[in-house]
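The values are calculated or read from the model by the stated rules, or taken from the named source; none is laboratory data. All of these numbers come straight from a predicted model, not from anything done at the bench. For neighbour counting, all protein chains shown are included, and Cβ atoms are generated from backbone atoms with ideal geometry for every residue, glycine included. Accessible surface areas use protein heavy atoms only, side chains included; no ligands, DNA or RNA. Shrake-Rupley method; radii C 1.70, N 1.55, O 1.52, S 1.80 Å.
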Amino acid sequence: MSGSFEHTPAGRTFRFGRHAPEEARAAVCAQYRRDDEEETEDDTVSCYNCRYRRWTVESFVCMRKGEEET
Amino acid sequence: MEEKLLLCIDDTDTLDSPGTGEVLDTLLAALAEEGLGQGSFITRHQLLVHPDIPYTSHNSSMCTQVCTGDGVGVIAFARAFLERTWVPGSDPGLCAVFPERLADPAGLLAFGQAAKERVLTKDDARALAEREPEGIFLSEHGGTGQGIIGALAGCGLRLSGTDGRCRGKLYPSAVGESLTAAELIARGGVDCVADPEGKVLPGDTPLVFARPCKAVFRRGLRLAVAKPRPDGAWELLAKQDLPEVFLV
């Protein structure tokens, strides 16, 4: 698992919370897929804008399949 | 006789299927093609993010208003549409509301607001629908049918007139375009322009349209938000620049 994520009861959880845009861009992987425009934060390629991002109260869980990373 | 009918859907998607907004777009197009009614703009309503709620990615529902002379036909068509397009792994719910037929509109408004603050159940949703047999029509269309909660809540939030944002973006004719508020409104897609506190700006207000902007839903209207610039013009705000109060 990359340094950006940790295992929690919710799943593969982003360590840096919901307000870390640089870290969210740095954590983008080969499975990145842009979410519906209504659900994206901005125009960047970022985990915050990925279709596999599932928001939690404090951060998000990565719902991607497999462990491949860039 | 034409009636207004709110239509809201939730939990129609999975990680790999079209989003709920896209599903509602497609449904509206099909309704229009069938001659059953014309849908208006779609609003997105953010519901509670909580570990006990099994949403796909963001827990929001999508709602629209249809003007129709055949409300029964619209509801039947929408139900059949969701049955036909069900994606394994999704838990779709549909809610249709005739606002004029509600015995107690405050109950629906309260449900909508409650869905933003605490975890609600299908039983909660069904109980409200049972109290409004003339005005509220709930249906499950696959999986757990959990989507009826968000669908009912979305109708309540749309009925409130002040929640959420409008699906889609407004695009300038050219980057940095200058126009007045009245000219922007005349293009369609927005009903008024306001400052970040929500105060409506006059029609002759000079605007700068630098980037695609997002309208929010306030007082029953589609509101574009603009911030003042040092040169006296007002800059229309993109979604990422909207004050937090417009995004919850």
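Any idea what the relative contact order of chain A is, in percent, if you count C-alpha pairs under 8 Å spaced at least 6 apart? Kindly include the intermediate steps, with their values, before the conclusion.
Values: 103 pairs, mean separation 23.9, N = 70.
Relative contact order for chain A comes out at 34 percent.
Suppose every Lys and Arg Cβ carries +1 and every Asp and Glu Cβ carries -1, with no other charges. What dipole size does chain B come out with about its Cα centre, to the nearest 20 debye? Don't skip to the answer; put the middle values down first.
Values: 24 positive and 34 negative charges, 114 e Å.
So the dipole magnitude of chain B works out to roughly 540 debye.
Give the long-range amide H neighbours of A:Arg64: residues separated by 5 or more places, or on another chain, with amide H under 5 Å away, using H modelled in the peptide plane at 1.01 Å from N.
Residues meeting the criterion, in which the H sits 1.01 Å from N, do not exist here.
So for A:His7, B:His141, A:His19, B:His50, what's the accessible-area order with a 1.4 Å probe, most first?
Per-residue accessible area, sorted high to low, gives A:His19, A:His7, B:His50, B:His141.
Going by a ≥ b ≥ c, the root eigenvalues of the Cα gyration tensor, does chain B fall in the rounded group (a/c under 1.5), the prolate group (a/b larger than b/c) or the oblate group? Could you put the intermediate results ahead of the total?
Working: a/c = 1.86, a/b = 1.71, b/c = 1.08.
Here chain B falls in the prolate category.
Assuming a ≥ b ≥ c are the square roots of the Cα gyration tensor eigenvalues, decide whether the protein assembly as shown counts as rounded (a/c under 1.5), prolate (otherwise, with a/b larger than b/c) or oblate.
Cα axes put the protein assembly as shown in the oblate bin.
Mind jotting down the distance between the C-alpha centroids of chain A and the stretch B:176-248, whole Å?
30
Any chance you could give the angle, 0 to 90 degrees and rounded to 10, that helix B:147-160 forms with the longest Cα principal axis of chain B?
40
Hey, got a sec? Which GluC sites (Glu not before Pro) in the stretch B:170-236 land in a DSSP loop and have at most 12 other Cβ atoms within 10 Å?
B:Glu197
Measuring from label point to label point, each 7 Å out along Cα→Cβ, what is the A:Glu6 to B:Asp204 span in nm?
Each label point is offset 7 Å from its Cα along the Cβ direction, giving 5.9 nm.
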